[in-house]
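First the structure, in the form of structure tokens, and then the observations on it.
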Amino acid sequence: MLIVMRKDASNEEIDAVIKKIESFGWQAKPIPGGERTAIGILRNTQPVDPAIFLGMPGVRDAISVSKPYKLVSREMHPEDTHIPFEGFEIGGEKLILMAGPCAVESESQAFSIAESVKEAGAKIFRAGAFKPRTSPYSFQGLGEKGLEILAKVREKFGLFIISEATDHDICDLVEQYVDIIQIGTRNMQNYRLLRRAGQAKKPVLLKRGMWATVDEFLMAAEYIMSEGNSQVILCERGIRTFTTHSRNTLDLNAVPYIKQESHLPIVIDPSHASGRRDQVIPLAKAGAAVGAHGLLIEVHNQPEKAMSDGPQSLLPEQFKELVKQLKEMGFKI
Ligand code: PEP
Ligand code: MN
């Protein structure tokens with residue numbers, strides 16, 4: 001429920017509503033707006049009776065929030081969330097490019113790719129140090145050594161770093177090294193990890209589960225926000241369908257829908273959505289065209305030798321070409 005205060009409501013009237021909410025053991029979340037203040041009610045397990053508040057001084061309305069997600073929803077937070085970094089923000093006017101290999105494999109591999117994606121216009125370097133692999137026999141990532149290499153990439157190239165925390169226990173370590181903590185598709189409903197990410201002091205990029213509805217996706221983001229971390233970036237990375245012509249199906253429809261429902265930034269990952277290099281550039285452009293705030297793209301200097309996801313990795317020249325085409329389409333990078 002959202003308690004909407006009158007324009008001329010005094011601070012004492014607002015405080016009285018907050019105290020009333022807290023007296024039931026619920027949490028009050030004041031949402032100051034240009035016109036008037038609203039107060040969201042959180043942590044109620046049963047529907048709230050609007051009559052409790054409607055008679056109170058300064059209260060104009062008590063509106064029930066129609067969606068199960070609250071902190072994530074535009075009803076509670078009408079303005080877009082912008083996530084600031086030094087020199088740019090995610091969720092604003094510009095299309096933010098996050099690019100790099102699926103996994104950190106060596107210092108020379110990471111440096112070579114970082115140099116080319118930085119030159120092309122990427123602001124954030126992506127690479128996994130801990131890899132969630134379908135087969136236990138596949139390369140699992142370099143672990144902390146990989147994170148150390150990523151820290152050197154930040155230092156040498158001035159790129160921000162995003163890397164995945166694959167479980168609760170390594171989240172501490174990942175948080176120490178990265179600028180954005182990635183939560184992968186397989187972990188979208190790992191509630192312990194989501195809560196841990198919600199306690200992190202760094203932004204979190206949450207990928208949509210490959211099986212998940214958009215409502216389930218937004219509820220997963222709600223877990224993170226409910227622990228106090230409001231710096232959440234959503235990522236549509238393709239869902240499983242009956243297709244055989246690509247690894248997954250990029251749900252482009254999700255972008256305008258999510259932008260309508262939520263104030264959180266949303267980015268597109270065309271690499272995991274397609275699994276095929278030849279589809280990455282068209283899907284990246286489509287993602288930008290439907291309004292994504294950024295793109296997360298796999299790039300490798302020797303994709304034929306990559307330890308993971310080589311077939312979907314763009315070559316550095318292809319990434320450069322993509323950026324050129326995006327600029328020609330009018331996107332500010
Ligand atoms: C990745 O970004 O390399 C990755 C493993 O992604 P996803 O969780 O979307 O499969
Ligand atoms: Mn990958």
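Things to note:
- If only residues of region 11-39 that are modelled with pLDDT under 95 and polar (S, T, N, Q) are counted, the one that is nearest to R74 (Cα to Cα) is T37.
- Scanning region 87-121 for residues that are surrounded by 24 or more Cβ atoms within 10 Å (Cβ to Cβ) and without any contact (Cβ under 8 Å) to a residue 60 or more places away in the chain yields V104, A110, A114.
- Among the residues of this structure, R74 counts as one that is within 30 Å of H272 (Cβ to Cβ) and outside the structural domain of Q318 (by TED's automatic domain parsing).
- Some residue of region 64-77 being of a type in the set (D, E), free of Cβ contacts under 8 Å to residues at least 12 places away in the same chain and surrounded by 14 or more Cβ atoms within 10 Å (Cβ to Cβ): no
- Yes/no for A286 being buried (at least 24 other Cβ atoms within 10 Å of the Cβ) and not polar (S, T, N, Q): no
- Selected residue (criterion: surrounded by the fewest Cβ atoms within 10 Å (Cβ to Cβ)) from residues of region 210-233 that are more than 13 Å from ligand 1 (Cβ to nearest atom) and in a loop (DSSP other than H, G, I, E, B): G228
- Complete set of residues in region 129-160 that are more than 14 Å from C102 (Cβ to Cβ) and within 16 Å of ligand 2 (Cβ to nearest atom): S135
- The helices (runs of 4 or more DSSP H) found wholly in region 234-331 and carrying at least 1 residues that are free of Cβ contacts under 8 Å to residues at least 40 places away in the same chain and over 22 Å from the mean Cα position of the chain (by Cα) occupy 277-289, 316-328.
- Selection status of F160, free of Cβ contacts under 8 Å to residues at least 40 places away in the same chain and within 30 Å of L326 (Cβ to Cβ): no
- Among the residues of region 105-128, those that are among the aliphatic types (A, V, I, L, M) and away from ligand 2 (no atom under 12 Å from the Cβ) comprise A110, I113, A114, V117, A120, A122, I124.
- With a requirement of 2 or more residues that are within 25 Å of E13 (Cα to Cα), the strands (runs of 3 or more DSSP E) lying completely within region 25-136 that satisfy it span 27-32, 37-42, 59-63.
- Once region 186-200 is narrowed to residues that are surrounded by fewer than 21 Cβ atoms within 10 Å (Cβ to Cβ) and within 12 Å of ligand 1 (Cβ to nearest atom), the residue that is farthest from C235 (Cα to Cα) is N190.
- Those residues of region 127-162 which are more than 11 Å from ligand 1 (Cβ to nearest atom) and among the aromatic types (F, W, Y), in sequence order: Y137, F139, F157, F160
- Taking every residue in region 171-199 that is small (G, A, S) and pairing it with any residue that is assigned to a strand (DSSP E or B) and within 16 Å of ligand 1 (Cβ to nearest atom), at least 6 positions away or on another chain, the pairs with Cβ-Cβ distances below 8 Å are G184/E164; G184/K207; A197/I181; A197/I183; A197/V204; A197/L206; G198/V204.
- Of all residues in region 95-116 being among the aliphatic types (A, V, I, L, M) and under 23 Å from I83 (Cβ atoms), the one that is farthest from the chain's Cα centre (by Cα): A114
- Here I181 meets each of (1) within 12 Å of ligand 1 (Cβ to nearest atom); (2) among the β-branched types (V, I, T); (3) modelled with pLDDT of 95 or more with one exception, condition (1).
The values are calculated or read from the model by the stated rules, or taken from the named source; none is laboratory data. All values derive from a computational prediction rather than experimental measurement. Here Cβ is always computed from backbone atoms with ideal geometry, including for glycine, and neighbour counts include all displayed protein chains.
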